[in-house]
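Asker: Handing you this structure, nothing more for now.
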Amino acid sequence: MYDFLLGHYSYWLTIILLCIGLYGIIFKKNLVKKTIGLTILQASVVLYWVSLGSKWGATVPVLDPAYPASDVANYLNPLPHTLMLTAIVVGVATLGVAFALLIATYNRYKTLDEDEILEQIQ
Amino acid sequence: MIETHLPALIALNFLAFAVIIPLFGIWKSELCQPLATLGAGISAGMSLYGFLYYLNDVPLRYFFGAWQPPVGIEFVYDGLSAFIILVINAIAFFVLIHSKPIAVREFPNKLMAYYSVTMLLMLGFNGMVLTGDLFNLFVFLEIASLSTYALIAIGEKAAPFSAFRYLIIGTTGGTLYLLGVGFLYTITGTLNIIDMTAMMPEFAGNSSVITAVILMVVGIGVKCAMFPMHGWLPDSYTFAASSSSALIAPIGTKVAVYVLIRVMLYLFGIELLDLVIPISYVVGLLAAIGILYGSIMAIAQDEMKRMLAYSSISQIGYIIMGISLANPYGFIGALLHILNHAVMKACLFMVSANLRMKEGHSDISKFDHTYRKKYPWTMLSFSVAAISMVGLPPLAGFFSKWYLALGTIEANNWLFLSVILISSLLNAVYFFRILEKVYMKNPDADEQVPDEGLVSDEVKPSMLYPMSIFAAGLFLIGIFNVAIVAVIMNMFPAGL
């Protein structure tokens, strides 16, 4: 039980981050805070993928004669890390679009509170 | 020679035009729309060529940089993706022809950006359909989604806010999908769909697979507005510019549904899907609730675009229900309904765009019998599309509902059958009230507008013809449905 908790600590942290992100998206009324929640949610998934590539006692995936490449246990799996570079870029683009939309929303309603905007739309 | 590169050319053509349009747009902004139409036309032509000549061959697999999968990324051009690609590119071509006067009227200063983003949107959709790699699919999904947010944000006062709400829920969906792919990668070590499909039977009943299925279905469900995740759709379609909603409404959700078909029926397969939890039944039940909810909400709407948006939720429910039945009739019904609904919704959104262009509103309570004289062709197209939506033969909508009904009977699912029948009646309620207002005089009206002196005041031919072509297409699809069904029969996933 103790091993199960400690041995998977990176996954527990990811789960906590995921929950914080979802909480921000669902319960926060300020649109900027919702965006922050979204970023935390994305970060949690990115960290999950990154932790997939790690191994105990392995080194960075750069070929070193001291560690033969024939034994895969010598090196980390670089694929999740490179994939997550793309996912981070996607996240940054999403953030940019989100802020552009927030600026347009603020210019029209002079507020970023969800309830007040919905009241004005009605 | 060109054949082997066809899958990549269809998609990358849009990327090329996304760059070409700003280059020419700086010089002359009126060139943007013809260039965008040309781009969509070239891709639609290539899709038609590929569809006619390569359908019965083995799937065309294009390896980028000649890297063999599972190491490299591949595009898979098989019967199913060829069909969907043809549908979305042809619809986009006609909608782009239609969009010029609306774009000039609603956002004259943003033509260059608008058409460039349109091309990126189509790149995303084409990539999602063609790709054979789960992570690549996520990237194309996000390209398409980001373009969708941008296109929806151009419009009425509330448009940026509704686009932002869609961004929050859509990106959450995309992230959940990515998490699901992560679970699959952990156990299989590959991201290639064909490779992963071959490995799946080894992991039957594995808890990671179950979690991955649920996460991916929820993530894609957000994008295709499956019942509890539909909240973004009505506002987005209502407040967006008419040209954007006519482009996104027919094809955006269809592409997401295609991904759902790929994941549920091809990647996992129906046996693996239902091994521990009856996921397909749950999805079907949600679809059934969505069908009824969308139809009832559509009756309550006074704004035509909002009514069509709710109707979209209900029609997407039909398609998802067809998938969840997982028998040949349900599959045929779902794919036929993807085609039918794309054509019908494009036609209906074009009608609402034409009315907004001429009247400045599309408020159903203000419709009256003068429309019959003023907009004869627009209203005729509306009637054809509406009757097809309700499902009267020989129009297209009847046949997809027929096959879906046969599918529910084959699955002995009387609940779903009654949902389909009740929903058809509800469709009749919300479409026929418009027909009644337009084609019959209201005896209770305070002042009677005389029929004499009303002359046809139709929109320009560039807006009229695409709409009329779709209306005529509904007859053609209905008449030639046997040929289309014969094509769909070649696409059955294994084990169906």
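The values are calculated or read from the model by the stated rules, or taken from the named source; none is laboratory data. The model shown is predicted, which means the values in this text are computed figures rather than measured ones. Every residue, glycine among them, receives a Cβ derived from its backbone with ideal geometry; neighbour counts consider all protein chains shown.
Asker: Taking region A:90-110 as the region of interest, how many residues are within 7 Å of chain B (Cβ to nearest Cβ), more than 18 Å from the chain's Cα centre (by Cα) and surrounded by fewer than 17 Cβ atoms within 10 Å (Cβ to Cβ)?
Answerer: First, the residues of region A:90-110 that are within 7 Å of chain B (Cβ to nearest Cβ): A:90, A:93-94, A:97-98, A:101-102, A:104-105, A:108.
Cutting the leftovers down to more than 18 Å from the chain's Cα centre (by Cα) gives us A:101-102, A:104-105, A:108.
Imposing the further condition that a residue be surrounded by fewer than 17 Cβ atoms within 10 Å (Cβ to Cβ) reduces the set to A:108.
Going through region A:90-110 one residue at a time, the tally reaches 1.
Asker: Does B:I102 fit the bill of being of a type outside the set (K, R) and farther than 16 Å from B:L35 by Cα?
Answerer: yes
The rows are residues; the columns are (1) surrounded by fewer than 24 Cβ atoms within 10 Å (Cβ to Cβ); (2) in contact (Cβ under 8 Å) with a residue 60 or more places away in the chain.
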site: B:I270; (1), (2): yes, yes
site: B:L286; (1), (2): yes, yes
site: B:G290; (1), (2): no, yes
site: B:S295; (1), (2): no, yes
site: B:A300; (1), (2): yes, no
site: B:I316; (1), (2): no, yes
site: B:I319; (1), (2): no, yes
site: B:L325; (1), (2): no, yes
site: B:P328; (1), (2): yes, yes
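Asker: Within the bounds of region B:227-238, is there any residue that is of a type in the set (V, I, T) and at the interface with chain A (Cβ under 9 Å from one of its Cβ atoms)?
Answerer: Step one: list which residues in region B:227-238 are of a type in the set (V, I, T), which gives B:238.
Now narrow it down to the ones that are at the interface with chain A (Cβ under 9 Å from one of its Cβ atoms): none.
No, region B:227-238 has no match at all.
Asker: Which ones in region B:155-190 are within 21 Å of A:G37 (Cα to Cα), within 7 Å of another protein chain (Cβ to nearest Cβ) and within 24 Å of the chain's Cα centre (by Cα)?
Answerer: B:P160, B:F161, B:A163, B:F164, B:L167, B:I168, B:T171, B:T172, B:T175, B:L178
Asker: Going by the conditions given, is B:I194 on the phi < 0 side of the Ramachandran plot, in contact (Cβ under 8 Å) with a residue 24 or more places away in the chain and out of contact with any helix residue (DSSP H, G or I) (no Cβ under 8 Å at 6 or more places or on another chain)? Even if it seems obvious, please write down each step before you answer.
Answerer: Values: on the phi < 0 side of the Ramachandran plot: yes; in contact (Cβ under 8 Å) with a residue 24 or more places away in the chain: yes; out of contact with any helix residue (DSSP H, G or I) (no Cβ under 8 Å at 6 or more places or on another chain): yes.
Here the answer is yes, as B:I194 does meet what is asked.
Residue-wise test of (1) within 11 Å of chain A (Cβ to nearest Cβ); (2) over 18 Å from B:S43 (Cβ atoms); (3) modelled with pLDDT under 95.
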{"position": "B:L111", "(1), (2), (3)": "no, yes, yes"}
{"position": "B:S116", "(1), (2), (3)": "no, no, yes"}
{"position": "B:G127", "(1), (2), (3)": "no, no, yes"}
{"position": "B:L130", "(1), (2), (3)": "no, no, yes"}
{"position": "B:Y149", "(1), (2), (3)": "yes, yes, yes"}
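Asker: To continue, here is another question. Quick one: count up the residues across region B:349-369 that are over 26 Å from the mean Cα position of the chain (by Cα), in contact (Cβ under 8 Å) with a residue 40 or more places away in the chain and in a helix (DSSP H, G or I).
Answerer: 2
Asker: Restricting attention to region B:64-112, which residues are surrounded by fewer than 23 Cβ atoms within 10 Å (Cβ to Cβ), out of contact with any Lys or Arg (no Cβ under 9 Å at 6 or more places or on another chain) and among the β-branched types (V, I, T)?
Answerer: Scanning region B:64-112 gives B:V71, B:I73, B:I97, B:V104.
Asker: Right, something else. Looking at B:L179, B:L141, which one is crowded, with 24+ Cβ neighbours inside 10 Å and part of a helix (DSSP H, G or I)?
Answerer: Details: B:L179 fails: crowded, with 24+ Cβ neighbours inside 10 Å.
Going through B:L179, B:L141 in turn, just one is crowded, with 24+ Cβ neighbours inside 10 Å and part of a helix (DSSP H, G or I): B:L141.
Asker: Only one of these is surrounded by fewer than 24 Cβ atoms within 10 Å (Cβ to Cβ) and either over 20 Å from the mean Cα position of the chain (by Cα) or more than 9 Å from chain A (Cβ to nearest Cβ) (or both): B:M122, B:M199. Name it. It would help to see each step written out before you state the result.
Answerer: Working: B:M122 fails: surrounded by fewer than 24 Cβ atoms within 10 Å (Cβ to Cβ).
Residue meeting the stated conditions: B:M199.
Asker: Let me ask you something else. Can you tell me which of (1) at pLDDT 90 or above; (2) among the aromatic types (F, W, Y); (3) surrounded by fewer than 19 Cβ atoms within 10 Å (Cβ to Cβ) is the one B:W377 doesn't meet?
Answerer: (1)
Asker: Considering only residues that are at pLDDT below 85 and either in contact with a strand residue (DSSP E or B) (Cβ under 7 Å, 6 or more places away or on another chain) or at the interface with chain B (Cβ under 9 Å from one of its Cβ atoms) (or both), which ones fall in region A:70-89? Can you show your working first?
Answerer: Pass one, region A:70-89, residues at pLDDT below 85: A:70-74.
Matches in region A:70-89: A:N74 only.
Asker: Could you check region B:391-405 and list, in sequence order, the residues that are crowded, with 21+ Cβ neighbours inside 10 Å and assigned to a helix (DSSP H, G or I)?
Answerer: First pass over region B:391-405, keeping only residues crowded, with 21+ Cβ neighbours inside 10 Å: B:391, B:395-397, B:399-401, B:403-404.
Those that are crowded, with 21+ Cβ neighbours inside 10 Å and assigned to a helix (DSSP H, G or I): B:A396, B:G397, B:F399, B:S400, B:K401, B:Y403, B:L404.
Asker: Which residue is nearest to the chain's Cα centre (by Cα), if the candidates are limited to region A:19-35 and must be aliphatic (A, V, I, L, M) and within 11 Å of another protein chain (Cβ to nearest Cβ)? Write out each step before concluding.
Answerer: Applying the first criterion (aliphatic (A, V, I, L, M)) to region A:19-35 yields A:20, A:22, A:25-26, A:31-32.
After this cut, where a residue has to be within 11 Å of another protein chain (Cβ to nearest Cβ) as well, the list is A:22, A:25-26, A:31-32.
Values: A:L22: 12, A:I25: 14, A:I26: 17, A:L31: 18, A:V32: 17 Å.
Selected residue: A:L22.
Asker: Residues to consider are A:S51, A:S70; find the one that is more than 22 Å from B:L134 (Cβ to Cβ) and among the hydroxyl-bearing types (S, T, Y).
Answerer: Values: A:S51 fails: more than 22 Å from B:L134 (Cβ to Cβ).
Answer to the selection: A:S70.
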